[in-house]
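Written out below as structure tokens is the structure these notes cover.
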Amino acid sequence: MVSFRIAATSIGSRPAAPEQNLPHLSEWAAKAKQRDVSLVCFPELCVTGYVTSSAIWDAAEPVPGPSTEALVEIARSEDLIVGAGIAEEDRGLVYNTYVFAGPEGYLGKSRKIHIPPGEVSHWRGGGVPPVIDIGLAKVGVNICFDNWLPESGRLVALQGAEVLIAPYVWSVGPWDSPPDHAARNRAWKDYAGRTFPARAIDNGMFLVAINEYGTTSPREGTNFGNPVVMVYSPLGQLIAESPDEADD
């Protein structure tokens, strides 16, 4: 592993609208490049948009596929590596997948393993997550609910992962209600902060958590989410985080 700078980018995405979301990712990748970033990571399902309805099946696509190629073009344009979530279609099934793309092309993917009750009708769980060598480091992915089960992190650690990417779509506080961002974001951090240090220190990995700040809810209404990112060292130390009052 070499020393490099990562941008953990909490953004919102439109449900089942990759044609709108990909330009948004491109804008933020360009901003990351201005900060001398080598790897920019976005939240769970940010390409497709998080939606728990049949629309997710219509929007799902093969990986690699058209949106993966668009991510490669973003990576090539900004000369960095991009990590992003997408709904993947494979042989008639949908998976909640995370993709890495670099200037030279598609680098690999990892599927969400554990599917909570609210999602079981919309995508299937994947198998053992792989470790992906992105050149800068060997990277594993645990998507959202995966991070609450310690075995998920251990599966990639045993394969030599040096960095664990933890993309989320998770809201603390009611969907569809005006937020008190400072209180809601602090509640998100307090809950997650009891888990993340253990995952990092138990496995000797950096951990990078990126939550979505949604623009619309799974029910197509307004979603006031939690724009939170947190980064931990292999010693379980919090080394970077978004401000509690972050609101966009």
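The values are calculated or read from the model by the stated rules, or taken from the named source; none is laboratory data. Here the structure is a predicted model, which means the values were calculated and not measured. Cβ placement follows ideal geometry from the backbone for every residue including glycine, while neighbour counts extend to all protein chains displayed.
Yes/no matrix, rows are residues, columns are (1) small (G, A, S); (2) without any contact (Cβ under 8 Å) to a residue 24 or more places away in the chain:
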residue: V82; (1), (2): no, no
residue: G92; (1), (2): yes, yes
residue: T97; (1), (2): no, no
residue: Y106; (1), (2): no, no
residue: G126; (1), (2): yes, no
residue: I132; (1), (2): no, no
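Of all the listed residues (V82, V99, V63, V47), the sole one being over 14 Å from the mean Cα position of the chain (by Cα) and either of a type in the set (A, V, I, L, M, F, W, C) or under 19 Å from I6 (Cβ atoms) (or both) is V63. Working only within region 90-122, note down all residues that are of a type in the set (A, V, I, L, M, F, W, C) and crowded, with 18+ Cβ neighbours inside 10 Å. Scanning region 90-122 gives V94, V99, F100, A101, L107, I113, I115.
Residue by residue, here is whether (1) under 22 Å from V208 (Cα atoms); (2) at pLDDT below 95; (3) small (G, A, S) holds:
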{"site": "I6", "(1), (2), (3)": "yes, no, no"}
{"site": "P23", "(1), (2), (3)": "no, no, no"}
{"site": "S26", "(1), (2), (3)": "yes, no, yes"}
{"site": "K31", "(1), (2), (3)": "yes, no, no"}
{"site": "V51", "(1), (2), (3)": "no, yes, no"}
{"site": "W57", "(1), (2), (3)": "no, yes, no"}
{"site": "R76", "(1), (2), (3)": "no, no, no"}
